[in-house]
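*Asks:* Have a look at the structure that comes next, please.
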Amino acid sequence: MTIARTICLGFLALIAIGTLLLMMPFATVTGTWNSFIVALFTSTSAVCVTGLAVVDTGTYFSFWGQLTILLLAQVGGLGYMTMTTFLLLLLGRKFDLRQKFAIQESFDRPFLQGSSSNLMRSIIATTMICEISGIFLLLLVFVPEHGWSKGLWYSIFHSISAWNNAGFSLFSDSLVGYHSSGAVNLIIPGLIIFGGIGYQVIIEMYLWLTNKIKNKQERFCFSLNFKVVVGTTILLLILGTIAFLLTELNNPEILAPFSFKDKLLAAWFQSVTTRTAGFNSIDVGSMTTAGLFITMGFMFIGASPSGTGGGIKTTTFRILYNATKSVLRGKDEVVLYQREVPSTLILKAVAVVFGTATSIILMTISISSFDPELDFLRILFEVISAFATVGLSTGITSSVSVASKIILVLSMYIGRVSILILIAAIIGDPSPSSLNYPEENLLVG
(Lines give C-alpha, C1' and ligand atoms only; values in the text may rest on other atoms or scores of the structure.)
Protein backbone atom coordinates (compact mmCIF):
# COMPACT_ATOMS: atom_id res chain seq x y z
CA MET A 1 0.00 0.00 0.00
CA THR A 2 1.32 3.45 -0.90
CA ILE A 3 2.01 6.09 1.75
CA ALA A 4 -0.75 8.34 0.39
CA ARG A 5 -3.29 5.51 0.63
CA THR A 6 -2.19 4.75 4.19
CA ILE A 7 -2.86 8.35 5.22
CA CYS A 8 -6.20 8.59 3.40
CA LEU A 9 -7.47 5.25 4.70
CA GLY A 10 -6.27 6.12 8.21
CA PHE A 11 -8.42 9.24 8.30
CA LEU A 12 -11.36 7.32 6.83
CA ALA A 13 -11.00 4.71 9.57
CA LEU A 14 -11.00 7.41 12.25
CA ILE A 15 -14.12 9.00 10.75
CA ALA A 16 -15.88 5.62 10.62
CA ILE A 17 -15.02 4.85 14.27
CA GLY A 18 -16.14 8.33 15.32
CA THR A 19 -19.41 7.98 13.41
CA LEU A 20 -20.16 4.67 15.09
CA LEU A 21 -19.43 6.07 18.57
CA LEU A 22 -21.50 9.23 18.02
CA MET A 23 -24.46 7.14 16.84
CA MET A 24 -24.58 5.33 20.20
CA PRO A 25 -27.29 6.30 22.75
CA PHE A 26 -24.64 7.33 25.31
CA ALA A 27 -23.46 10.10 22.96
CA THR A 28 -26.71 12.11 23.03
CA VAL A 29 -28.47 13.97 25.82
CA THR A 30 -31.75 12.18 25.08
CA GLY A 31 -30.10 8.75 25.36
CA THR A 32 -31.49 7.61 22.00
CA TRP A 33 -29.72 6.43 18.86
CA ASN A 34 -28.28 9.34 16.92
CA SER A 35 -28.96 10.10 13.25
CA PHE A 36 -26.35 8.64 10.90
CA ILE A 37 -25.95 11.91 8.98
CA VAL A 38 -25.50 13.94 12.19
CA ALA A 39 -22.95 11.41 13.50
CA LEU A 40 -21.07 11.23 10.17
CA PHE A 41 -20.98 15.01 9.72
CA THR A 42 -19.86 15.63 13.32
CA SER A 43 -17.23 12.87 13.23
CA THR A 44 -15.79 14.16 9.95
CA SER A 45 -15.80 17.73 11.23
CA ALA A 46 -13.94 16.64 14.39
CA VAL A 47 -11.38 14.36 12.71
CA CYS A 48 -10.74 16.99 10.02
CA VAL A 49 -10.56 19.67 12.77
CA THR A 50 -13.15 21.83 11.01
CA GLY A 51 -15.83 22.75 13.54
CA LEU A 52 -18.83 22.90 11.23
CA ALA A 53 -21.85 21.47 13.03
CA VAL A 54 -25.43 20.55 12.12
CA VAL A 55 -26.50 20.46 15.79
CA ASP A 56 -25.63 22.42 18.93
CA THR A 57 -22.65 20.52 20.38
CA GLY A 58 -23.21 21.78 23.92
CA THR A 59 -26.88 20.80 24.22
CA TYR A 60 -27.30 17.93 21.73
CA PHE A 61 -24.41 15.70 22.82
CA SER A 62 -23.94 14.26 26.31
CA PHE A 63 -20.65 14.49 28.21
CA TRP A 64 -19.52 11.23 26.56
CA GLY A 65 -20.49 12.51 23.14
CA GLN A 66 -18.58 15.75 23.74
CA LEU A 67 -15.57 13.75 24.99
CA THR A 68 -15.69 11.61 21.83
CA ILE A 69 -15.70 14.74 19.67
CA LEU A 70 -12.76 16.16 21.63
CA LEU A 71 -10.71 12.95 21.29
CA LEU A 72 -11.43 12.81 17.55
CA ALA A 73 -10.30 16.42 17.20
CA GLN A 74 -7.13 15.67 19.18
CA VAL A 75 -6.21 12.69 17.03
CA GLY A 76 -7.23 14.50 13.85
CA GLY A 77 -5.21 17.58 14.79
CA LEU A 78 -2.05 15.64 15.55
CA GLY A 79 -2.55 13.51 12.47
CA TYR A 80 -3.25 9.83 12.01
CA MET A 81 0.40 8.96 11.32
CA THR A 82 1.68 10.91 14.33
CA MET A 83 -0.68 9.12 16.71
CA THR A 84 0.06 5.64 15.37
CA THR A 85 3.80 6.34 15.48
CA PHE A 86 3.57 7.62 19.06
CA LEU A 87 1.67 4.48 20.07
CA LEU A 88 4.47 2.37 18.55
CA LEU A 89 7.00 4.35 20.59
CA LEU A 90 4.98 3.77 23.77
CA LEU A 91 5.02 0.04 23.02
CA GLY A 92 8.79 0.18 22.60
CA ARG A 93 8.70 -0.69 18.91
CA LYS A 94 10.82 0.97 16.25
CA PHE A 95 9.36 2.14 12.96
CA ASP A 96 10.96 1.64 9.59
CA LEU A 97 11.89 4.08 6.82
CA ARG A 98 8.50 3.68 5.13
CA GLN A 99 6.72 4.88 8.28
CA LYS A 100 9.13 7.81 8.51
CA PHE A 101 8.23 8.82 4.97
CA ALA A 102 4.54 8.53 5.85
CA ILE A 103 5.04 10.95 8.74
CA GLN A 104 6.88 13.31 6.39
CA GLU A 105 4.04 13.12 3.85
CA SER A 106 1.27 13.63 6.41
CA PHE A 107 2.99 16.75 7.78
CA ASP A 108 4.15 17.94 4.35
CA ARG A 109 7.61 18.57 5.77
CA PRO A 110 10.99 16.79 5.36
CA PHE A 111 11.20 15.69 8.99
CA LEU A 112 13.70 12.91 8.43
CA GLN A 113 16.65 14.91 9.70
CA GLY A 114 17.70 13.65 13.10
CA SER A 115 15.87 11.16 15.29
CA SER A 116 12.25 10.61 14.28
CA SER A 117 11.41 9.17 17.70
CA ASN A 118 12.71 12.32 19.40
CA LEU A 119 10.68 14.39 16.96
CA MET A 120 7.48 12.54 17.81
CA ARG A 121 8.13 12.98 21.52
CA SER A 122 8.75 16.69 20.94
CA ILE A 123 5.45 17.06 19.06
CA ILE A 124 3.44 15.26 21.75
CA ALA A 125 5.21 17.20 24.53
CA THR A 126 4.59 20.53 22.76
CA THR A 127 0.92 19.68 22.36
CA MET A 128 0.52 18.64 26.00
CA ILE A 129 2.34 21.69 27.40
CA CYS A 130 0.39 24.18 25.31
CA GLU A 131 -3.00 22.55 25.87
CA ILE A 132 -2.48 22.24 29.64
CA SER A 133 -1.29 25.87 29.80
CA GLY A 134 -4.44 26.88 27.93
CA ILE A 135 -6.60 24.90 30.36
CA PHE A 136 -5.12 26.62 33.43
CA LEU A 137 -5.48 30.06 31.87
CA LEU A 138 -9.09 29.45 30.80
CA LEU A 139 -9.94 28.20 34.30
CA LEU A 140 -9.51 31.81 35.46
CA VAL A 141 -12.29 32.81 33.05
CA PHE A 142 -14.77 29.92 33.16
CA VAL A 143 -14.64 28.76 36.81
CA PRO A 144 -15.80 32.07 38.38
CA GLU A 145 -18.72 32.15 35.93
CA HIS A 146 -19.75 28.48 35.69
CA GLY A 147 -18.37 26.82 38.84
CA TRP A 148 -15.64 24.21 39.14
CA SER A 149 -17.20 21.21 37.38
CA LYS A 150 -18.52 23.04 34.32
CA GLY A 151 -15.66 25.55 34.32
CA LEU A 152 -13.04 22.79 34.28
CA TRP A 153 -14.76 20.93 31.44
CA TYR A 154 -15.26 24.12 29.42
CA SER A 155 -11.57 24.95 29.90
CA ILE A 156 -10.40 21.50 28.81
CA PHE A 157 -12.73 21.37 25.82
CA HIS A 158 -11.99 24.86 24.48
CA SER A 159 -8.23 24.66 25.05
CA ILE A 160 -7.90 21.39 23.11
CA SER A 161 -10.35 22.57 20.45
CA ALA A 162 -8.44 25.85 19.99
CA TRP A 163 -4.97 24.26 19.86
CA ASN A 164 -6.12 21.80 17.21
CA ASN A 165 -7.89 24.59 15.30
CA ALA A 166 -11.06 22.48 15.59
CA GLY A 167 -13.48 25.33 16.31
CA PHE A 168 -15.95 23.26 18.35
CA SER A 169 -17.51 25.16 21.25
CA LEU A 170 -19.88 24.13 24.02
CA PHE A 171 -21.62 27.52 23.88
CA SER A 172 -24.53 27.89 21.48
CA ASP A 173 -23.16 31.17 20.13
CA SER A 174 -19.52 29.97 20.09
CA LEU A 175 -17.59 32.76 21.87
CA VAL A 176 -19.87 35.70 21.02
CA GLY A 177 -20.64 36.07 24.72
CA TYR A 178 -16.94 36.70 25.39
CA HIS A 179 -16.33 39.30 22.67
CA SER A 180 -15.31 41.86 25.30
CA SER A 181 -13.20 39.49 27.42
CA GLY A 182 -9.54 40.42 27.07
CA ALA A 183 -8.46 37.07 28.53
CA VAL A 184 -10.50 34.94 26.11
CA ASN A 185 -9.46 37.13 23.16
CA LEU A 186 -5.81 36.52 24.00
CA ILE A 187 -5.80 32.90 25.23
CA ILE A 188 -7.92 31.32 22.46
CA PRO A 189 -6.15 33.20 19.59
CA GLY A 190 -2.78 32.35 21.17
CA LEU A 191 -3.62 28.64 21.11
CA ILE A 192 -4.98 28.93 17.58
CA ILE A 193 -1.87 30.72 16.25
CA PHE A 194 0.66 28.36 17.82
CA GLY A 195 -1.40 25.29 16.92
CA GLY A 196 -1.63 26.38 13.29
CA ILE A 197 1.89 27.75 12.85
CA GLY A 198 3.46 24.30 12.65
CA TYR A 199 5.51 22.09 14.96
CA GLN A 200 8.75 22.73 13.10
CA VAL A 201 8.43 26.48 13.76
CA ILE A 202 7.71 25.88 17.47
CA ILE A 203 10.68 23.51 17.79
CA GLU A 204 12.95 26.08 16.12
CA MET A 205 11.67 28.74 18.53
CA TYR A 206 12.53 26.43 21.43
CA LEU A 207 16.04 25.75 20.11
CA TRP A 208 16.62 29.48 19.61
CA LEU A 209 15.49 30.27 23.17
CA THR A 210 17.68 27.45 24.51
CA ASN A 211 20.68 28.95 22.73
CA LYS A 212 19.88 32.38 24.18
CA ILE A 213 19.51 31.03 27.73
CA LYS A 214 22.80 29.11 27.47
CA ASN A 215 24.48 32.27 26.10
CA LYS A 216 25.96 30.42 23.18
CA GLN A 217 28.05 32.68 20.98
CA GLU A 218 27.33 30.99 17.65
CA ARG A 219 24.64 32.59 15.53
CA PHE A 220 21.39 30.62 15.32
CA CYS A 221 20.21 30.22 11.73
CA PHE A 222 16.47 29.93 11.26
CA SER A 223 15.26 27.79 8.39
CA LEU A 224 13.61 29.30 5.32
CA ASN A 225 10.37 27.62 6.40
CA PHE A 226 10.50 29.44 9.76
CA LYS A 227 11.12 32.84 8.17
CA VAL A 228 8.37 32.45 5.58
CA VAL A 229 5.77 31.05 8.01
CA VAL A 230 6.38 33.58 10.80
CA GLY A 231 6.71 36.57 8.48
CA THR A 232 3.60 35.70 6.46
CA THR A 233 1.55 34.85 9.56
CA ILE A 234 2.31 38.16 11.28
CA LEU A 235 1.56 40.10 8.09
CA LEU A 236 -1.77 38.33 7.53
CA LEU A 237 -2.84 38.81 11.16
CA ILE A 238 -2.16 42.56 11.01
CA LEU A 239 -3.81 42.99 7.60
CA GLY A 240 -6.79 40.90 8.70
CA THR A 241 -7.36 42.93 11.85
CA ILE A 242 -7.27 46.20 9.89
CA ALA A 243 -9.50 44.82 7.10
CA PHE A 244 -12.20 43.53 9.47
CA LEU A 245 -12.10 46.72 11.51
CA LEU A 246 -12.66 48.85 8.42
CA THR A 247 -15.34 46.69 6.74
CA GLU A 248 -17.45 46.05 9.86
CA LEU A 249 -16.83 49.31 11.73
CA ASN A 250 -20.23 50.81 10.91
CA ASN A 251 -22.15 47.54 10.72
CA PRO A 252 -24.95 47.94 13.32
CA GLU A 253 -25.12 44.18 13.86
CA ILE A 254 -21.38 43.66 14.31
CA LEU A 255 -18.92 46.34 15.51
CA ALA A 256 -20.97 49.57 15.56
CA PRO A 257 -22.44 49.08 19.08
CA PHE A 258 -19.05 48.10 20.59
CA SER A 259 -16.56 50.34 22.39
CA PHE A 260 -13.29 50.99 20.56
CA LYS A 261 -11.51 48.39 22.72
CA ASP A 262 -14.15 45.76 21.94
CA LYS A 263 -14.00 46.63 18.23
CA LEU A 264 -10.25 45.99 18.22
CA LEU A 265 -10.67 42.73 20.14
CA ALA A 266 -13.41 41.49 17.79
CA ALA A 267 -11.46 42.44 14.65
CA TRP A 268 -8.31 40.77 16.06
CA PHE A 269 -10.22 37.61 17.01
CA GLN A 270 -11.85 37.41 13.58
CA SER A 271 -8.48 37.86 11.86
CA VAL A 272 -7.05 34.93 13.84
CA THR A 273 -10.02 32.57 13.66
CA THR A 274 -10.49 32.83 9.87
CA ARG A 275 -7.10 31.13 9.53
CA THR A 276 -8.83 27.72 9.97
CA ALA A 277 -9.89 27.93 13.64
CA GLY A 278 -13.68 28.22 13.37
CA PHE A 279 -14.52 30.04 16.62
CA ASN A 280 -16.38 33.31 16.30
CA SER A 281 -16.93 36.25 18.64
CA ILE A 282 -19.31 38.00 16.23
CA ASP A 283 -22.33 36.87 14.20
CA VAL A 284 -20.72 35.79 10.91
CA GLY A 285 -24.09 35.68 9.15
CA SER A 286 -24.55 39.42 9.77
CA MET A 287 -21.23 40.46 8.26
CA THR A 288 -21.10 42.75 5.22
CA THR A 289 -20.47 41.30 1.76
CA ALA A 290 -16.97 42.80 1.82
CA GLY A 291 -16.31 41.21 5.22
CA LEU A 292 -17.47 37.80 3.99
CA PHE A 293 -15.22 38.01 0.92
CA ILE A 294 -12.22 38.97 3.06
CA THR A 295 -13.01 36.05 5.37
CA MET A 296 -13.13 33.67 2.40
CA GLY A 297 -9.76 34.94 1.23
CA PHE A 298 -8.12 34.32 4.60
CA MET A 299 -9.83 30.92 4.93
CA PHE A 300 -8.48 29.94 1.50
CA ILE A 301 -4.91 30.78 2.57
CA GLY A 302 -5.26 29.03 5.92
CA ALA A 303 -2.56 28.05 8.40
CA SER A 304 0.99 26.69 7.95
CA PRO A 305 2.50 23.32 7.01
CA SER A 306 2.85 20.69 9.78
CA GLY A 307 0.32 22.61 11.92
CA THR A 308 -3.23 21.68 12.85
CA GLY A 309 -4.92 24.04 10.37
CA GLY A 310 -5.96 23.73 6.72
CA GLY A 311 -6.10 25.91 3.62
CA ILE A 312 -3.50 26.11 0.87
CA LYS A 313 -0.99 27.15 3.60
CA THR A 314 1.01 30.32 4.15
CA THR A 315 4.09 28.94 2.38
CA THR A 316 2.11 28.19 -0.79
CA PHE A 317 0.66 31.69 -0.76
CA ARG A 318 4.09 33.26 -0.24
CA ILE A 319 5.75 31.19 -3.00
CA LEU A 320 3.11 32.19 -5.55
CA TYR A 321 3.22 35.82 -4.42
CA ASN A 322 6.99 35.95 -4.90
CA ALA A 323 6.67 34.06 -8.20
CA THR A 324 4.35 36.83 -9.40
CA LYS A 325 6.89 39.45 -8.27
CA SER A 326 9.64 37.64 -10.19
CA VAL A 327 7.54 37.61 -13.37
CA LEU A 328 6.80 41.34 -13.05
CA ARG A 329 10.51 42.05 -12.57
CA GLY A 330 11.52 39.89 -15.51
CA LYS A 331 13.38 37.32 -13.40
CA ASP A 332 13.48 33.56 -13.98
CA GLU A 333 13.94 32.47 -10.38
CA VAL A 334 11.80 32.82 -7.26
CA VAL A 335 13.76 34.08 -4.26
CA LEU A 336 12.69 34.12 -0.59
CA TYR A 337 14.99 35.60 2.04
CA GLN A 338 18.02 35.29 -0.27
CA ARG A 339 17.26 31.65 -1.03
CA GLU A 340 16.11 30.36 -4.42
CA VAL A 341 12.95 28.25 -4.30
CA PRO A 342 13.27 24.94 -6.23
CA SER A 343 11.07 24.67 -9.33
CA THR A 344 9.51 21.49 -7.90
CA LEU A 345 8.09 23.48 -4.98
CA ILE A 346 6.73 26.16 -7.32
CA LEU A 347 4.99 23.47 -9.38
CA LYS A 348 3.60 21.89 -6.21
CA ALA A 349 2.28 25.28 -5.04
CA VAL A 350 0.55 25.81 -8.39
CA ALA A 351 -0.93 22.30 -8.22
CA VAL A 352 -2.23 22.87 -4.67
CA VAL A 353 -3.98 26.12 -5.60
CA PHE A 354 -5.37 24.74 -8.86
CA GLY A 355 -6.61 21.54 -7.21
CA THR A 356 -8.13 23.41 -4.28
CA ALA A 357 -9.85 26.03 -6.47
CA THR A 358 -11.21 23.37 -8.82
CA SER A 359 -12.56 21.29 -5.93
CA ILE A 360 -14.23 24.32 -4.33
CA ILE A 361 -15.86 25.29 -7.64
CA LEU A 362 -17.21 21.76 -8.20
CA MET A 363 -18.50 21.47 -4.61
CA THR A 364 -20.16 24.89 -4.82
CA ILE A 365 -21.87 24.03 -8.10
CA SER A 366 -23.12 20.73 -6.63
CA ILE A 367 -24.62 22.31 -3.50
CA SER A 368 -26.14 25.11 -5.59
CA SER A 369 -27.86 22.40 -7.66
CA PHE A 370 -29.17 20.50 -4.64
CA ASP A 371 -30.23 23.65 -2.73
CA PRO A 372 -31.04 26.30 -5.35
CA GLU A 373 -33.01 28.41 -2.86
CA LEU A 374 -29.85 29.23 -0.86
CA ASP A 375 -27.80 32.37 -1.49
CA PHE A 376 -24.77 31.63 -3.70
CA LEU A 377 -22.36 33.69 -1.58
CA ARG A 378 -23.33 31.77 1.55
CA ILE A 379 -22.90 28.44 -0.25
CA LEU A 380 -19.43 29.46 -1.48
CA PHE A 381 -18.55 30.61 2.05
CA GLU A 382 -19.67 27.26 3.49
CA VAL A 383 -17.68 25.23 0.95
CA ILE A 384 -14.46 27.23 1.44
CA SER A 385 -14.92 26.96 5.20
CA ALA A 386 -15.33 23.16 4.92
CA PHE A 387 -12.51 22.62 2.42
CA ALA A 388 -10.07 24.82 4.35
CA THR A 389 -11.17 23.05 7.58
CA VAL A 390 -12.14 26.38 9.16
CA GLY A 391 -15.63 25.81 10.55
CA LEU A 392 -17.06 29.32 10.27
CA SER A 393 -20.62 29.44 8.96
CA THR A 394 -23.20 32.02 7.98
CA GLY A 395 -25.84 29.76 9.57
CA ILE A 396 -26.88 27.48 6.71
CA THR A 397 -25.05 24.28 7.75
CA SER A 398 -27.99 22.64 9.48
CA SER A 399 -30.53 23.71 6.83
CA VAL A 400 -28.86 22.28 3.71
CA SER A 401 -30.15 19.02 2.23
CA VAL A 402 -28.69 15.60 3.05
CA ALA A 403 -26.92 15.50 -0.34
CA SER A 404 -25.30 18.87 0.40
CA LYS A 405 -24.22 17.67 3.84
CA ILE A 406 -22.49 14.70 2.17
CA ILE A 407 -20.71 17.10 -0.19
CA LEU A 408 -19.54 19.17 2.79
CA VAL A 409 -18.31 15.96 4.43
CA LEU A 410 -16.27 15.20 1.29
CA SER A 411 -14.97 18.78 1.27
CA MET A 412 -13.75 18.53 4.85
CA TYR A 413 -12.10 15.16 4.21
CA ILE A 414 -10.33 16.23 1.01
CA GLY A 415 -9.24 19.50 2.60
CA ARG A 416 -7.75 17.68 5.61
CA VAL A 417 -5.80 14.96 3.81
CA SER A 418 -4.75 17.38 1.00
CA ILE A 419 -5.95 17.24 -2.57
CA LEU A 420 -2.51 16.12 -3.84
CA ILE A 421 -2.26 13.24 -1.36
CA LEU A 422 -5.79 12.11 -2.27
CA ILE A 423 -4.98 12.13 -5.99
CA ALA A 424 -1.76 10.24 -5.30
CA ALA A 425 -3.75 7.68 -3.28
CA ILE A 426 -6.14 7.16 -6.19
CA ILE A 427 -3.63 6.92 -9.05
CA GLY A 428 -0.76 5.36 -7.11
CA ASP A 429 2.93 6.24 -7.17
CA PRO A 430 3.96 8.03 -10.38
CA SER A 431 6.30 6.10 -12.64
CA PRO A 432 9.54 8.00 -13.36
CA SER A 433 10.12 9.08 -16.95
CA SER A 434 13.48 9.61 -18.60
CA LEU A 435 12.01 11.37 -21.61
CA ASN A 436 12.94 15.01 -22.24
CA TYR A 437 10.81 16.98 -24.69
CA PRO A 438 11.83 20.05 -26.70
CA GLU A 439 10.71 23.44 -25.38
CA GLU A 440 8.30 25.71 -27.25
CA ASN A 441 6.75 29.02 -26.21
CA LEU A 442 3.04 29.86 -26.21
CA LEU A 443 0.94 32.88 -25.27
CA VAL A 444 0.00 33.17 -21.60
CA GLY A 445 -2.24 35.76 -19.93
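*Asks:* Compute the distance from the alpha-carbon center of the range 356-375 to that of the range 145-208, in whole Å.
*Replies:* Answer, in whole Å: 31.
*Asks:* Report, by chain and number, residues whose modeled amide H sits under 5 Å from the one on GLY307, excluding near sequence neighbours (fewer than 5 apart, same chain).
*Replies:* GLY198, TYR199
*Asks:* I would also like to ask the following. For the range 361-445, which GluC sites (Glu not before Pro) are in a loop by DSSP, counting at most 16 other Cβ atoms within 10 Å?
*Replies:* Values: sites: GLU373, GLU382, GLU439, GLU440; in loops: GLU373, GLU439, GLU440.
Filter output for the range 361-445: GLU373, GLU439, GLU440.
*Asks:* While we're here: Sum -39500 (n - 2.57) across every DSSP H segment of at least 4 residues in the chain, then divide by the residue count to get the 222 nm mean residue ellipticity, nearest 500.
*Replies:* The helix-only estimate for the chain comes to -21000 deg cm²/dmol at 222 nm.
*Asks:* Please list, ordered by chain and number, the residues whose modelled amide H lies under 5 Å from the amide H of LEU336; skip anything fewer than 5 residues away on the same chain.
*Replies:* VAL341
*Asks:* For the pair LEU246 and LEU20, how long in nm is the line joining their label points, each one 7 Å along Cα→Cβ?
*Replies:* Once both label points are built, they end up 5.3 nm from each other.
*Asks:* Can you check how the C-alpha radius of gyration of the chain compares to 2.2 N^0.38 Å, as a plain ratio?
*Replies:* 0.97
*Asks:* Roughly how many percent of the accessible protein surface of the chain is carbon and sulfur, given a 1.4 Å probe and a whole-percent answer?
*Replies:* Percent of accessible area from carbon and sulfur atoms in the chain: 66.
*Asks:* For the range 314-411, which chymotrypsin sites (Phe, Trp or Tyr not before Pro) are both in a DSSP coil and crowded by at most 14 other Cβ atoms within 10 Å?
*Replies:* For chymotrypsin sites (Phe, Trp or Tyr not before Pro) across the range 314-411 that sit outside H, G, I, E and B with at most 14 neighbouring Cβ atoms in 10 Å, the list reads TYR337.
*Asks:* Using 0.36 nm per residue of separation minus the Cα-Cα distance, give me the extension gain between LEU347 and ASN211 in nm, one decimal.
*Replies:* 45.3 nm
*Asks:* Quote to one decimal, in nm, the extra length available between TRP64 and PHE354 on full extension: 0.36 nm per residue of separation minus the C-alpha distance between them.
*Replies:* Details: separation 290, 0.36 × 290 = 104.40 nm, distance 4.05 nm.
Once the chain is fully extended between TRP64 and PHE354, it gains 100.4 nm.
*Asks:* Within 10 Å of each candidate Cβ there may be at most 15 other Cβ atoms; applying that plus a DSSP loop requirement, which trypsin sites (Lys or Arg not before Pro) in the range 187-273 survive?
*Replies:* Taking the range 187-273 and a limit of 15 other Cβ atoms within 10 Å, the loop trypsin sites (Lys or Arg not before Pro) found are LYS214, LYS216, ARG219.
*Asks:* Turning to a different aspect of this structure: May I ask you to give the solvent-accessible area per residue for the range 312-357, in square angstrom, as obtained with a 1.4 angstrom probe?
*Replies:* Details: 2960 Å² over 46 residues.
Accessible area per residue, the range 312-357: 64 Å².
*Asks:* List the extent of the Cα atoms of the range 368-421 along each of their three principal axes, largest first, rounded to whole Å.
*Replies:* Result, largest extent first: 34, 19, 16 Å.
The values are calculated or read from the model by the stated rules, or taken from the named source; none is laboratory data. Nothing here was measured: the structure is a model prediction, and the numbers come from that model. All Cβ positions, glycine included, derive from the backbone under ideal geometry; neighbour counts span all protein chains shown. Protein only, heavy atoms only, side chains kept; ligands, DNA and RNA dropped before computing areas. Shrake-Rupley method; radii C 1.70, N 1.55, O 1.52, S 1.80 Å.
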